[in-house]
């Protein structure tokens, strides 16, 4: 099977990821499960040949960076097939790659289980909105859907800074400038600083990786821009603590005060197995109210989880209540709800009378 046939098979089988690694079979990830797609194991010469072919499909991309640094991230399209996000790397001296399959068209948020309240976070005119969760939890898709809603409904200049670009946005009501780290600009920090001179209304920052980037992002949010970004954290309180802890101890008090001013929403998500054999997102949504601003400013972040749990009237939902709702709607099983809950024992007690 050549590289193009592998990509075609991945798309046809609706795989989310394709693994090309020496010493194991060609493998797809589908609905969260890893499944072998070939009888024999790939040898180092096989992976070398396949990865060279993938670089050829990506517009004859120079493979020298991969061979020199041991890592390379990029994306490319195959006309009539799909887009692909590639993370190529060396392992045990051989070349390997994990390829994410990305649809040309943006999904319908309602069809894939993203609540309207999440999409509406893009209606805010300023401040910081964070979408968090582990790798592979659908953060990029959620953010792409929020950007698409802005693009359809608002006249704005939207700048996306991504590594690499996944979903392509056409200009609709908005102008959407998409910049890829490594090819269009050197780094997130350099691109973010430059974007402030490019008359932006909305900036999508693919990831807040260090305290300098976080500091510039918060300043941009303070000065009237809407900043959308991600962190690999689970839960609003963990996210807030992670941001503050990134800074030196002597700056943390000042950062907590600034964060309490600019933070608007924290969305935390995970993908859980659905009853139909696919996966469905569960969300924790925290809207920053005056009470939560005070908790962030006064170093009482530990109180936020309880506030989310009891603030449904303010549009908030805890992860466990999201799982509970999915179970009661018949979309996930009781076992799945308990397995992914933050408090499994409490979830089991609540589900005693739930219909599945």
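Every number here is computed from the coordinates shown, using simple stated rules; none is lab data. A quick note: this is a predicted structure, and the numbers were derived from the prediction, not measured. No Cβ is skipped: glycine too gets one built from the backbone with ideal geometry, and neighbour counts run over all protein chains shown.
From the Cα gyration tensor of region 3-102, with a ≥ b ≥ c the square roots of its eigenvalues, which class applies: rounded if a/c is under 1.5, or else prolate if a/b is larger than b/c, or else oblate? It comes out oblate by the Cα gyration axes.
The label point for residue 41 and the one for residue 110, both projected 7 Å from the Cα toward the Cβ, are 5.0 nm apart. Computed across region 174-315, the Kirkwood radius stands at 16.6 Å (inverse of mean 1/r, all Cα pairs).
Compare the peptides 270-279, 197-206 by average per-residue count of other Cβ atoms within 10 angstrom and give them in order, highest first.
197-206, 270-279
Using alpha carbons only, how many angstrom separate the centre of region 236-291 from the centre of region 84-115? Spelled out, the Cα-based centre of one part sits 24 Å from the other.
Residues of region 29-61 with an amide N closer than 20 Å to a point placed 7 Å from the Cα of residue 5 along the Cα-to-Cβ direction: 29, 35-58.
Please label the shape of the chain as rounded, prolate or oblate, based on the square roots a ≥ b ≥ c of the eigenvalues of the alpha-carbon gyration tensor (a/c under 1.5 means rounded; beyond that, a/b larger than b/c means prolate, else oblate). Oblate. Axis angle, to the nearest 10 degrees, between helix 211-222 and the longest C-alpha principal axis of the chain: 50 degrees. What is region 172-247 by shape, rounded, prolate or oblate, if you read a ≥ b ≥ c off the alpha carbon gyration tensor as root eigenvalues and call it rounded for a/c under 1.5, prolate for a/b larger than b/c, and oblate otherwise? Prolate. Between 0 and 90 degrees, the angle of helix 236-246 with respect to the longest Cα principal axis of the chain falls at about 80 degrees.
Every helix of 4 or more DSSP H residues in the chain counts as -39500 (n - 2.57), and over all residues that averages to -10500 deg cm²/dmol at 222 nm. The modelled label-to-label distance between residue 155 and residue 52, using points 7 Å beyond Cα along the C-beta direction, is 5.4 nm.
Please order 123, 284 by the number of other Cβ within 10 Å, starting at the fewest.
123, 284
Per-residue Cβ neighbour counts within 10 Å put 319, 43, 286, 264 in the sequence 43, 264, 319, 286, beginning with the fewest.
Can you tell me the 0 to 90 degree angle between the C-alpha axis of helix 319-328 and the longest principal axis of the chain, rounded to 10? The two axes meet at around 80 degrees. The label-point distance for residue 69 and residue 186, in a model that sets each label 7 Å from Cα toward Cβ, rounds to 1.3 nm.
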